[in-house]
Structures are given as C-alpha cells and as structure tokens.
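A short worksheet on the structure shown next.
Quick note: the coordinates plus some simple rules give every number you see, no bench work behind them. These figures come from a predicted structure and were not determined experimentally. In this analysis, Cβ positions are derived from the backbone assuming ideal geometry, glycine residues included, and neighbour counts consider all displayed protein chains.
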Amino acid sequence: AQSVTQLGSHVSVSEGALVLLRCNYSSSVPPYLFWYVQYPNQGLQLLLKYTTGATLVKGINGFEAEFKKSETSFHLTKPSAHMSDAAEYFCAVKKGSSASKIIFGSGTRLSIRP
Amino acid sequence: EAGVTQFPSHSVIEKGQTVTLRCDPISGHDNLYWYRRVMGKEIKFLLHFVKESKQDESGMPNNRFLAERTGGTYSTLKVQPAELEDSGVYFCASSQVQISGNTIYFGEGSWLTVV
C-alpha cells in the first residue's frame, strides 16, 4: 500500500527565504511522486512530478524536489520565497506506471511573511 | 485543449436535499477519478472509473453517494440525501497513460455547502 506523510501542517517563512516542505512516502512498488498546490479558492495544480530517471525534478514557479529512495523522501524546495507562493501544498504518491489512484498527504499550508 | 471541467463550481443546499456534481474529463482520457476534501482535511480518494467501469470504489463513504459514468465520457456524483458532513470540495481528475504519461489532471473542484 502507498501512503504519504507531510511533516508540518503549517510552515511560515520570510519573503526571500528558503522554502522547504517535507514529504516522506511509503510504497510497496516503485512510486511515482507528485507535488500539487492549491491556491485559495482554486483547484489543484501540478507543481512537479517524479516518475523515473533524474532524481532532481524541477517544476513550475521555481520549485524543485529531490527523490531520495534511501530516505523515502521527496521534499519540496524553493530558494527564495515570494508572497505569491502562499498556498497549500500536497505531496502525493501512486503505484508507478499503473493507472491507479493518487494518495495524498495531509497538506502543508505555506505562509509568507513580508 | 480543454482541461477537466466540473459543474457546478459552487452549490449550497439544505440537509436532506440532493445534489448532482458533473465532471467532464480531458478528451481521450479513459481514467476518471473523484476525490473530496472535507472541512479542510486531507484530500481523500472516492473512486476510479476506467471508461464506464468502476475500477476502484473503495473510498466511497456510504450509500448516499452514487457515481456514474454512462458511455465512458462524463461522470456524475450524486449525494442523496446530503448531510452536513458532506460539505467540502469535490475534485474530479482524469488521466490516460498513453497520452499524458500517467499525469493525473485535476479540475477546479465543486464546492459544496450543506446547511
């Protein structure tokens, strides 16, 4: 079975500071991993995904995440936070290349301090 | 290319009434998923269609919820009768391995409030 744990339901950083949102996963098969973002009153938008190949994946809006199999982690980072990054971020996992469902973490709300 | 579209975007109904949510997946996508996020909690899987067949309905909370996908195109999710705890946002998503390489695309959600 697949599961996702996001450490920290709420993270607050200053504008211009490093953003680090933590995600650990559990999967019985090689996983596909995702980060989605939900801005206030909007839908879910795909930030980035890891399927196979390069373990450092780059996404939209300057975000990137690194798949670390030995640590079963897929942390999301951004070097310099912008006010517009304030949103809720969801890490998610699915069973590799199958069409099976995505399992979401509980989400981390990111706040940006001026 | 149109994305996943959901209707209505917002709905307010009274406890005991019926609501039907509709989802139009991306054209050519055989896989259609329903998820919901209740009361700001985690996003939970409801069910998965492959074309018109229910592949996995393990997340359906109870028999007040009925999902259909006749003809394998659009899908509906009916809640009857609605309860207060059904309030939340219902997301629909679609994918097609051969087209999108397993990426699952989400709609904007249908925001349901039961009063």
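Mind checking the mean number of beta-carbon atoms from other chains within 10 Å of the Cβ atoms in B:40-47?
4
Normalised by the residues of the stretch B:1-88, what does the relative contact order come to in percent, with Cα pairs under 8 Å and at least six apart?
Answer for the stretch B:1-88 is 32 percent.
Averaging over all projection directions, find the projected area of the Cα convex hull of chain A and quote it in nm² with one decimal place.
Approximately 6.8 nm², given one-decimal rounding.
What are the ³J(HN,Hα) couplings of the stretch A:43-54, residue after residue, when phi is run through the Karplus curve with 6.51, -1.76, 1.60 and θ = phi - 60°? Round to Hz, x for glycine and proline.
Going residue by residue, I get x, 8, 10, 6, 8, 6, 8, 10, 10, 9, x, 4 Hz, with x marking Gly and Pro.
Counting Lys and Arg as +1 and Asp and Glu as -1, what is the net charge of the other residues whose Cβ lies under 13 Å from the Cβ of A:H10?
Once positives and negatives cancel, what remains is +2.
What does the average come to when, for each residue of peptide A:103-110, you count the partner chain Cβ atoms lying within 10 Å of its Cβ?
3
Just tell me how shielded A:43-53 is by partners: mean number of partner chain Cβ atoms within 10 Å of each residue's Cβ, no decimals.
The mean count of partner-chain Cβ atoms within 10 Å per residue comes to 4.
Of the listed pairs A:K94/B:K44; A:K49/B:K51; A:K49/B:K41, which have alpha-carbon separations greater than 20 Å here?
A:K49/B:K51; A:K49/B:K41
Would you mind counting up the charge near A:Y32? Only other residues with Cβ under 10 Å from its Cβ, with Lys and Arg at +1 and Asp and Glu at -1.
Local charge sum for A:Y32: +3.
Using only Cα atoms, what Kirkwood radius does chain B have, in angstroms?
One over the average 1/r among Cα pairs gives 14.0 Å for chain B.
Taking N as the number of residues in the protein assembly as shown, what is its alpha-carbon radius of gyration divided by 2.2 N^0.38 Å?
1.01
Roughly speaking, what is the stretch gain from B:T76 to B:V12, that is 0.36 nm per residue apart minus the C-alpha to C-alpha distance, in nm to one decimal?
Stretched fully, the B:T76-B:V12 segment lengthens by 21.3 nm.
Net charge around A:A92, counting only other residues with Cβ within less than 10 Å of its Cβ (Lys, Arg = +1; Asp, Glu = -1)?
Around A:A92, the surrounding residues sum to +3.
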